[in-house]
Amino acid sequence: MPRVYVSIGSNLEPERNVRRCVAALEAQFAPIIRSPVYVNPAVGFAGDDFYNLVVGFETSLGIAELKARLRAIEDAQGRQRGPHKFAPRTLDLDLITYGDEVHAKPDLTLPHPDILAYPFVLKPLADIAPHEYHATARETYAACGGVRRNTVRR
């Protein structure tokens, strides 16, 4: 079974929403591993700080079914989808890796580009999978560029 990593973010009632999200993921995919939670300023809009973390688990689900389950968890916590990518949200779950799969499709890019673009994704991933390799950068997550320079605060 592939090991997957999922990025979690919330800036609307983040303590409650992150706690509920982790419980839902544990109920469906136990055992899971999880990073510390990091508090980060909103990116791309003015808003409350985000709580961010990454969880990892193994699954026999295919990518499409896994994405559907993640979306159902978001929906159960009141996620509102609108035309703006950068907006406040109760919960944002992004599939960031699925084993060593590499996809470049309009609805899914794996590994997710946010891994290398944002320290609030890379740092928690490196916390729980420091020696695993990014499938296209061919570096461990601990060695990928942003970890040493990140400005994420706990």
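The values are calculated or read from the model by the stated rules, or taken from the named source; none is laboratory data. In this text the structure is predicted, and so the values were computed from the model without any measurement. Neighbour counts run over all protein chains shown; Cβ positions are idealised from the backbone, glycine included. In case anyone asks, the SASA skips ligands and DNA or RNA and just uses the protein heavy atoms, side chains included. Shrake-Rupley method; radii C 1.70, N 1.55, O 1.52, S 1.80 Å.
For the stretch 26-46, state whether one or more residues are open to solvent by 30 Å² or more (accessible area, probe 1.4 Å), of a type in the set (Asp, Glu) and at pLDDT below 95.
no
Working only within the stretch 120-131, note down all residues that are touching a residue at least 40 places away in the same chain (Cβ under 8 Å) and either farther than 21 Å from Glu15 by Cβ or among the basic types (Lys, Arg) (or both).
Within the stretch 120-131, Lys123, Leu125, Ala129 qualify.
Identify, by number, the condition in (1) open to solvent by 80 Å² or more (accessible area, probe 1.4 Å); (2) closer than 22 Å to Tyr51 by Cα; (3) at pLDDT below 90 that Arg138 doesn't meet.
Against the list (1) open to solvent by 80 Å² or more (accessible area, probe 1.4 Å); (2) closer than 22 Å to Tyr51 by Cα; (3) at pLDDT below 90, Arg138 comes up short only on (2).
Specify the residue that is farthest from Asn52 (Cα to Cα); the eligible residues are those in the stretch 73-130 that are touching an Asp or Glu at 6+ places or on another chain (Cβ under 8 Å) and acidic (Asp, Glu).
Glu74
Is it fair to say Leu12 is open to solvent by less than 20 Å² (accessible area, probe 1.4 Å), in contact (Cβ under 8 Å) with a residue 24 or more places away in the chain and of a type in the set (A, V, I, L, M, F, W, C)?
no
If Ser7 satisfies every condition in (1) touching a helix residue (DSSP H, G or I) at 6+ places or on another chain (Cβ under 6 Å); (2) outside any strand (DSSP E or B) but one, which is the exception?
Answer for Ser7: the failing condition is (2).
Among the listed residues Ala23, Ala64, identify the single one that is part of a helix (DSSP H, G or I), open to solvent by 30 Å² or more (accessible area, probe 1.4 Å) and under 21 Å from Pro113 (Cβ atoms).
Ala64
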